[in-house]
1. Could you check, for region 337-345, whether at least one of its residues is within 27 Å of LEU80 (Cβ to Cβ), of a type in the set (Gly, Ala, Ser) and open to solvent by less than 20 Å² (accessible area, probe 1.4 Å)?
2. Need at least 3 residues that are surrounded by fewer than 24 Cβ atoms within 10 Å (Cβ to Cβ) per element, so show me which strands (runs of 3 or more DSSP E) inside region 245-307 make the cut, counting only ones lying wholly within it.
3. Here are PRO45, PRO70: which of them is at pLDDT below 95, away from the ligand (no atom under 11 Å from the Cβ), more than 27 Å from PRO139 (Cα to Cα) and assigned to a loop (DSSP other than H, G, I, E, B)?
4. Of all residues in region 77-108 being more than 26 Å from ALA47 (Cα to Cα) and more than 10 Å from the ligand (Cβ to nearest atom), which is nearest to the chain's Cα centre (by Cα)?
5. Considering only residues that are open to solvent by less than 10 Å² (accessible area, probe 1.4 Å) and more than 12 Å from the ligand (Cβ to nearest atom), look in region 109-125 and name the one that is nearest to PHE222 (Cα to Cα).
6. Working carefully through the options THR349, THR257, find the one that is touching a strand residue (DSSP E or B) at 6+ places or on another chain (Cβ under 8 Å) and β-branched (Val, Ile, Thr).
Amino acid sequence: MASPKFTAPDGMPRKNEVDEFYDSVAEADLQPLWTQMGIMPETPPLAAIPYAWKWKTLKELAERSGELIPIDRGGDRRVLSLSNPGLAGQPFATQTLWGAVQYLGPGEVAPAHRHTAAALRFVIEGSGVWTLVNGDPVPMAPGDLVLTPCWSWHEHHNPGNTPMIWFDALDLPLVRSLDAIFFENGPDRMVNRAVDPASRSELTFGNGAGLVPFEESEKQAFSPLFAYRWKDTDRTLTTLMKLSNDGTAALKFVDPTRGIDVMPTMRCSMHRVSAGASTRKFRRNGSSIWVTYRGSAIVSIGEDRFHLDEGDMFAVPSWCSFSIEATQDADFFCTSDAPAMEALGLARTEYLD
Ligand code: 1HN
């Protein structure tokens, strides 16, 4: 029942009239802005924290999952996700990115499916696995970057007799927050088959030196090249390092037909830091996940410092200062949400040294 209205002698509404107003606002599923303290803070209010996962633990538990868990459970993929302790138990490494290790045992197949969340693999160790991306078999080897872009069919095959572990990254938290998740299971398992050492996408678009087919193929939102090989990445970093005067070199993986990021939501890059050298200290909004591919380093993220060795992975949340100091010659793979931030006009970077 509505409470009677009282008016004070000075004409101001009496307290119970204000209370009644707030009740009516809430009942109408409305909220006043003037009570929303902190809705527009000066810098991003962060939940995710700077965090690192050790390869030793990742590898041990991935191998254990291979012994205990059949491949046909848990979404057809034997994947252990990097769960940032700041994100309330969600299986996400950062606010926008999923990171994980995936284990595929000898003779196993992770069957076909597709989803709107874009994915990439960066191979850490093992050999013999190939991924079928939209019908194109792409072999995977250590140091290779393999793309399975938005809505592309993909399935993983391990016809060999050794297991393989790789790093998976997806833009899943970002796509979820946009209510843009779609998923579809593929046709039944395909039989293993012989695979050429290079995929059709590499034969067509991976010839390097800025040379792409004369006839334009229909442009999609992602790179038509699905694999970036370690020998090319390593050679490019070696050349860039020779030209460098600060002991650091970095490259970006791009769509060879347009020179833009490999996928619209995820930037991929590789960073080499010589023993004793440091990268510049900076912060940017948006987040990234890093894989220590070779060597070791001390990484500063915000107020935290992490000692990292081969295979260790770490999360850099939005607007946290970041720098790497190599204790041995070190190579890092990085994926970030930078293309999405830039496309939305939100990207900011600040150098702090
Ligand atoms: C997925 O499809 C794969 O295909 C890996 O290898 C990790 C994490 C969440 C959702 C789908 C894969 C995934 C995933």
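The values are calculated or read from the model by the stated rules, or taken from the named source; none is laboratory data. Because the structure is predicted, anything quoted here is derived from the model rather than measured. Here the Cβ positions follow ideal geometry from the backbone for every residue, glycine too, while neighbour counts run over all protein chains shown. Protein only, heavy atoms only, side chains kept; ligands, DNA and RNA dropped before computing areas. Shrake-Rupley method; radii C 1.70, N 1.55, O 1.52, S 1.80 Å.
1. In the first step, residues of region 337-345 are kept if they are within 27 Å of LEU80 (Cβ to Cβ); the result is 337-340.
Filter once more, so that each one left must be of a type in the set (Gly, Ala, Ser): 338, 340.
Among the residues that remain, those that are also open to solvent by less than 20 Å² (accessible area, probe 1.4 Å) are: 338, 340.
Yes.
2. Numbers: elements: 248-252, 267-273, 282-284, 288-294, 297-301.
It comes to 248-252, 267-273, 282-284, 297-301.
3. Values: PRO70 fails: more than 27 Å from PRO139 (Cα to Cα).
Sole residue among the options that is at pLDDT below 95, away from the ligand (no atom under 11 Å from the Cβ), more than 27 Å from PRO139 (Cα to Cα) and assigned to a loop (DSSP other than H, G, I, E, B): PRO45.
4. Top of the filtered list is TYR103.
5. Going through the qualifying residues, I end up with PHE122.
6. Step by step, each of THR349, THR257 is checked, and only THR349 is touching a strand residue (DSSP E or B) at 6+ places or on another chain (Cβ under 8 Å) and β-branched (Val, Ile, Thr).
Results for (1) farther than 26 Å from LEU61 by Cα; (2) among the acidic types (Asp, Glu); (3) out of contact with any strand residue (DSSP E or B) (no Cβ under 9 Å at 6 or more places or on another chain); (4) away from the ligand (no atom under 12 Å from the Cβ), shown as yes or no for each residue.
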| position | (1), (2), (3), (4) |
| --- | --- |
| SER127 | no, no, no, yes |
| PRO137 | yes, no, no, yes |
| ALA141 | no, no, no, yes |
| ARG176 | yes, no, yes, no |
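For every residue, the table says whether it meets (1) closer than 24 Å to GLU108 by Cβ; (2) charged (D, E, K, R); (3) in contact with a Gly (Cβ under 7 Å, 6 or more places away or on another chain).
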{"position": "GLU125", "(1), (2), (3)": "yes, yes, no"}
{"position": "PRO142", "(1), (2), (3)": "yes, no, no"}
{"position": "ASN158", "(1), (2), (3)": "yes, no, yes"}
{"position": "ALA169", "(1), (2), (3)": "yes, no, yes"}
{"position": "LEU178", "(1), (2), (3)": "no, no, no"}
